[in-house]
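> Have a look at this one before I ask anything.
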Amino acid sequence: MPQTPEPSVSGGRTDFPDENDSTCSNLSNRSLRIAEKEKKKSEAEAPLSVALTYFSEVKAGTPVLGNDELEGHLVRLERTALAQGLPPHAVSIMLEFAMSLRMTNAITSRVLRFLVPASVVPQEAVLRGVSWLCTQKLSQSNQLLFLRWVLTMFDMIDCKDNLRAIYGFIFSFVTDESMCPFICHLLYLLTIKEHVKAYRVRKLLDIQGKMGRQPYILQLLALYKVFSPEMVPHSVTSRMRTGFRNHDSTWKAPLAALAKRRVGQETPSMDLVLGLRQKPNRKKRKFHHLEVPDLAPAMGPNSRKGVCLQQLRSFSELLDNLSSIELPAQMGSLLSSAMALHYLDCVQDESAFLRLNFWLGHALQEEFFAGPVEGGQESMAEAAHFLSMLVSTQHFLQEGFSATEGFLCKFLEVWDGFLHRPQILELLSNIALVPSSQIKQVLFDPLMQLYFTSSVFFKCSVIECLSSMLRKWLTWHSVCAKEEGLNISLNNRSTMSLSLSGFLDSVLKLVQFVGRLTSAGLQLERCHTLLLHHALGFYEMVSDMYLKYSLPLFVMLPPGVFYPALLAADPIAVDRLGRIMFKYRQNLTHAKEQRLKQKELYLQISRSVYEEFNTYLVTMVGFLWNSVAFGPRSGLAINQRLLERTKVANYSSSFNLVHHPAFVNYAVDFHQQCWPERTDMDLNSIQAGRYWDWYVEYLYTQGFEGLRDFIKVSINPSATRQSTAHPLSQPSQSG
Amino acid sequence: MLKPFRKVPVLNTANLLLVENEEQLQSRLGEIILQIEKDVKINVRLARKLPLPMDTQDSRPRIDLVVFIVNLMSERSLQCAEKSIKCLDPGFFLGKVCFVVTGARCLSVSTNHLLTVRKMAASLHCPLLFAEDQTSEGVSTVAVRLLGILKVAAGLVPLATGLSLNSLAHCVLPSDLDELDSLT
């Protein structure tokens, strides 16, 4: 018989058994803890299924008060749901339990509030939910809660075709005043073209008559209008203000936490993402109009119909699935994905562009024209970011969105000339050709008012923007003209087509407008050098329109630009003017030859263009070469007596290549190189004999190539100095 | 009645009168304008409404530009500007009046008010400037623009007059609005 140690009370040994005791208790504690842990572990796995079994089998009318089993299961489920989300089958069971109202409304509300799906929501569950909604048993607050839940989780519903099939059932709820806003939002998300019916439009208009112009009804009608414009009266959607509110407040935090965790797990695999498309981390903001939605498919991944853009990982996959791609639920998401833009560009889907324009127009309207103007740095940066993204998207597609154009027209009218200037001007330079009947009102009037009341730098950027606009129009024309002959259609998707004369009209108006802006602007700004160079840059393009862009249009630069450039103190301006005159000459000569050769009827160059050109030519040669400035034949003839009163000795030679303020330092330099020993400087000696030729050659070596081209074609080399300019003869039959 | 040519101009001096009923933007604008301009002497006078009191008439310099600041969110601001305009000598409308509006981008509130101001500015052939008064950059932008107009109106820019600037930059009503008006 084993001896059990006797408990002793003697002092010396008291420690030992105590120690023994403690190890004993330690051991037992550990095993206890392990057991507990095991239990917890199994509890964490099992209880979910146990709880789910409980909720799927619990009978209606089971008492709630004092029901510890129910409470335990609820708490466990709630903890799991908020921590990691519920798997699809659990969502189905719990939704079924809640909506069937097997216990009280309070329990239903509690369940709905923690019903956070981990991955997807099965469509069937939502369908059953909607059918329970039809029984009208739920309390009103729970009905609304359910609808808010569906709206919040909408993008997680795995497939929506059956939901679309019961569109009529859902539509029938619009008559319920409290549910109407949510139902309208849900319908907005579900609507496809087949759903738009005249009786539904009538019903909505009817409700609107009763309840007033509610934004949610307007939104839905606007969408209907996109699908079938003929059914919805125009007045309904012309003045839209706000859209749908977000209803996700209840589930926002857990959903965000889940999304965060998921992002951490996933490796970014889209290598086709453009640089700018990373979403910035944004804090809370009052309005979220500019938030580009995620690329969630309208149909679920398991729907038979097609592949969603989100699933594609590479360009080759995109090519393989090009014919079976489904557009996403929210068109704005296309903007965030380069893949989607590639697709959009390939497919030229009219309805896709329609929907995208609709989304875009709405987002821009909400951001820039609604509500009290926000001045926060953050919202400004966000708006700027969005506009930049729009700019890069349009560059990518190489065309503007019609929604952007509508927005710009409105925005220009109330613009202060500073807000988002780089983006606005960039977007403005992208707009498609404006018909000449509207161009004044849409572009010119607002720009004039801004241009003349703003600083010289704003003036320069406007000219820059208009130059870029003209260049895009011309490029587009030269591409189209080659492809389609003279029958130009304005845009692949627009029905408006434009004849060549219409195009010429618009271009002519634009060039004339810039002519006005630059002449008057230079006058106001005292011939500011920067502005002058912007103007010259514009006319470098205009002078070469026929040869470079095969556009038979000749517009000379206005005197308000020509004379400031000719008399500028800046040699580069004179050089550029030389190049412009050279280009004009080339173009006009070529056009004349073509006309004689081919007898092309459309090449009607007006006589006044030749006259203007020749006047400029004679003036320029007279000033720079022949020293007959301000003479009677030049375009800038000044009374001789008046000139004498200025007490300038040799006024007529004061603008030749030697004495011109822009070149005088070159002349001095040349003088020093020719006669290094001479102490008295006499620039007139350069004008004599061969020195002049050498001086001109010297100028050429200094990089004045425009001047060189101009002199070579305009001045007869054999008759030195007193040579006459080579004016272009006008074609005899020109009108 | 304020008259533009009652007093002779002073060399290298420009005088600006800012009229705003709410007194929200005018003092900020005035300060910025004074800060920017270094070459010319600028006097900024502030008023809530016109007519200006008679007793200070003698000490008041010649006014080169009158700017009406209208807050489109407020009905009162608009009415006040409409009344004040009547106290100006017609000579001012040859290039010495300008409108600045704020809050134009809130279309839901300001559409009708904006239309009224537009019509007013267009019928008087005056420039109409839009200002973003919520941001400091917006305020300084409009200050720079006003300074530019003021210098022209005060005759400090060679080759340019207030009248010539007006003919280029005056407010224009969209043509479809004209048609609407003629129909109604």
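The values are calculated or read from the model by the stated rules, or taken from the named source; none is laboratory data. Keep in mind the model is a prediction, meaning the values are calculated, not measured. FYI the Cβ positions are ideal-geometry reconstructions off the backbone, even for glycines, and counts take in every protein chain you see. What goes into the accessible areas is simple: the full protein's heavy atoms, side chains included, and nothing from ligands, DNA or RNA. Shrake-Rupley method; radii C 1.70, N 1.55, O 1.52, S 1.80 Å.
> Just one of A:V514, A:V507 is surrounded by 15 or more Cβ atoms within 10 Å (Cβ to Cβ) and modelled with pLDDT of 95 or more; which is it? Spell out how you get there, then give the answer.
Details: A:V507 fails: modelled with pLDDT of 95 or more.
A:V514 is the lone residue from the list that is surrounded by 15 or more Cβ atoms within 10 Å (Cβ to Cβ) and modelled with pLDDT of 95 or more.
> On to the next question. Got a number for residues in region A:550-607 being part of a helix (DSSP H, G or I) and under 29 Å from A:E525 (Cα atoms)?
Residues flagged as part of a helix (DSSP H, G or I) and under 29 Å from A:E525 (Cα atoms) within region A:550-607 amount to 22.
> Shifting gears a bit: For region A:687-735, give me each residue that is among the polar types (S, T, N, Q), open to solvent by less than 30 Å² (accessible area, probe 1.4 Å) and modelled with pLDDT of 75 or more. First the steps, then the outcome.
First, pick out the residues of region A:687-735 that are among the polar types (S, T, N, Q): A:687, A:701-702, A:714, A:716, A:718, A:720, A:722-724, A:729-730, A:732-734.
Narrowing the set further to residues that are open to solvent by less than 30 Å² (accessible area, probe 1.4 Å) leaves A:714, A:723, A:734.
Selection gives A:S714 alone.
> Can I ask one more? Can you say whether A:T404 is in the same structural domain as A:N321 (by TED's automatic domain parsing), over 23 Å from A:P446 (Cα atoms) and hydroxyl-bearing (S, T, Y), as far as the supplied structure shows?
no
> Report every pair of residues separated by at least 6 positions or lying on different chains whose Cβ atoms are under 6 Å apart, first residue within region B:89-108 and more than 8 Å from chain A (Cβ to nearest Cβ), second surrounded by fewer than 18 Cβ atoms within 10 Å (Cβ to Cβ).
Going by the 6 Å Cβ cut-off, the qualifying pairs are B:D89/B:M1; B:D89/B:K3; B:L94/B:L163; B:G95/B:L163.
> State all residues of region A:653-690 that are within 55 Å of the chain's Cα centre (by Cα), closer than 30 Å to A:I638 by Cα and not in a loop (DSSP other than H, G, I, E, B); if no residue qualifies, say none.
A:S653, A:V664, A:N665, A:Y666, A:A667, A:V668
> How about region B:120-144: which of its residues are assigned to a helix (DSSP H, G or I), at the interface with chain A (Cβ under 8 Å from one of its Cβ atoms) and either open to solvent by less than 10 Å² (accessible area, probe 1.4 Å) or touching an Asp or Glu at 6+ places or on another chain (Cβ under 8 Å) (or both)?
Within region B:120-144, B:G138, B:T141, B:V142 qualify.
> OK, next. I need the full set of residues from region A:445-464 which are assigned to a helix (DSSP H, G or I) and either aliphatic (A, V, I, L, M) or within 9 Å of chain B (Cβ to nearest Cβ) (or both), in order please.
Hits for region A:445-464 are A:D445, A:P446, A:L447, A:M448, A:Q449, A:L450, A:Y451, A:F452, A:V456, A:F458, A:V462, A:I463.
> Limited to region B:33-61, what total is found for residues that are open to solvent by less than 40 Å² (accessible area, probe 1.4 Å) and in a helix (DSSP H, G or I)?
Total meeting the criteria: 1.
> Does region A:184-223 hold any residues that are under 18 Å from A:M331 (Cβ atoms), open to solvent by 40 Å² or more (accessible area, probe 1.4 Å) and either of a type in the set (G, A, S) or not in a helix (DSSP H, G or I) (or both), and which are they?
Residue satisfying the conditions is A:I192 alone.
> Just one of the numbered conditions (1) touching a residue at least 12 places away in the same chain (Cβ under 8 Å); (2) farther than 17 Å from A:L447 by Cα; (3) charged (D, E, K, R) is not true of B:E137; which one?
B:E137 satisfies all of (1) touching a residue at least 12 places away in the same chain (Cβ under 8 Å); (2) farther than 17 Å from A:L447 by Cα; (3) charged (D, E, K, R) except (1).
> Give the residue, chosen from A:V232, A:V263, A:V236, A:V226, that is modelled with pLDDT under 80, of a type in the set (A, V, I, L, M, F, W, C) and not in a helix (DSSP H, G or I).
Answer to the check: A:V232.
> Could you identify the single residue in A:G406, A:G400 that is open to solvent by less than 30 Å² (accessible area, probe 1.4 Å) and in contact (Cβ under 8 Å) with a residue 24 or more places away in the chain? Show your work before the answer.
Working: A:G406 fails: open to solvent by less than 30 Å² (accessible area, probe 1.4 Å).
Step by step, each of A:G406, A:G400 is checked, and only A:G400 is open to solvent by less than 30 Å² (accessible area, probe 1.4 Å) and in contact (Cβ under 8 Å) with a residue 24 or more places away in the chain.
> Among the numbered criteria (1) loosely packed, with under 13 Cβ neighbours inside 10 Å; (2) modelled with pLDDT of 90 or more; (3) not polar (S, T, N, Q), which single criterion is violated by B:K96?
B:K96 satisfies every listed condition except (1).
> What is the one condition in (1) open to solvent by 60 Å² or more (accessible area, probe 1.4 Å); (2) under 18 Å from A:S467 (Cβ atoms); (3) touching a Leu at 6+ places or on another chain (Cβ under 7 Å) that A:H590 does not satisfy?
All conditions are met except number (2).
> Also, quick follow-up: What is the residue count in region A:347-357 for residues that are surrounded by fewer than 19 Cβ atoms within 10 Å (Cβ to Cβ) and in a helix (DSSP H, G or I)?
5
> Quick check on my filter: what residues within region A:411-440 are open to solvent by less than 10 Å² (accessible area, probe 1.4 Å), within 12 Å of chain B (Cβ to nearest Cβ) and small (G, A, S)?
Once the filter is applied, which keeps residues that are open to solvent by less than 10 Å² (accessible area, probe 1.4 Å), within 12 Å of chain B (Cβ to nearest Cβ) and small (G, A, S), region A:411-440 yields only A:G417.
> Then there is this: Can you report the number of residues in region B:1-32 which are within 29 Å of B:S74 (Cβ to Cβ) and surrounded by fewer than 19 Cβ atoms within 10 Å (Cβ to Cβ)?
Matching residues across region B:1-32 total 7.
> Hey, can you tell me all the residues within region A:132-166 that are of a type in the set (S, T, Y) and without any contact (Cβ under 8 Å) to a residue 12 or more places away in the chain?
Result: A:T135, single match.
> Test A:S388 against the stated conditions and say whether it is open to solvent by 30 Å² or more (accessible area, probe 1.4 Å), hydroxyl-bearing (S, T, Y) and within 14 Å of chain B (Cβ to nearest Cβ).
no
> Can you pull out the residues in region A:536-549 that are of a type in the set (D, E, K, R) and in a loop (DSSP other than H, G, I, E, B)?
Listed by number, the list holds a single entry, A:D544.
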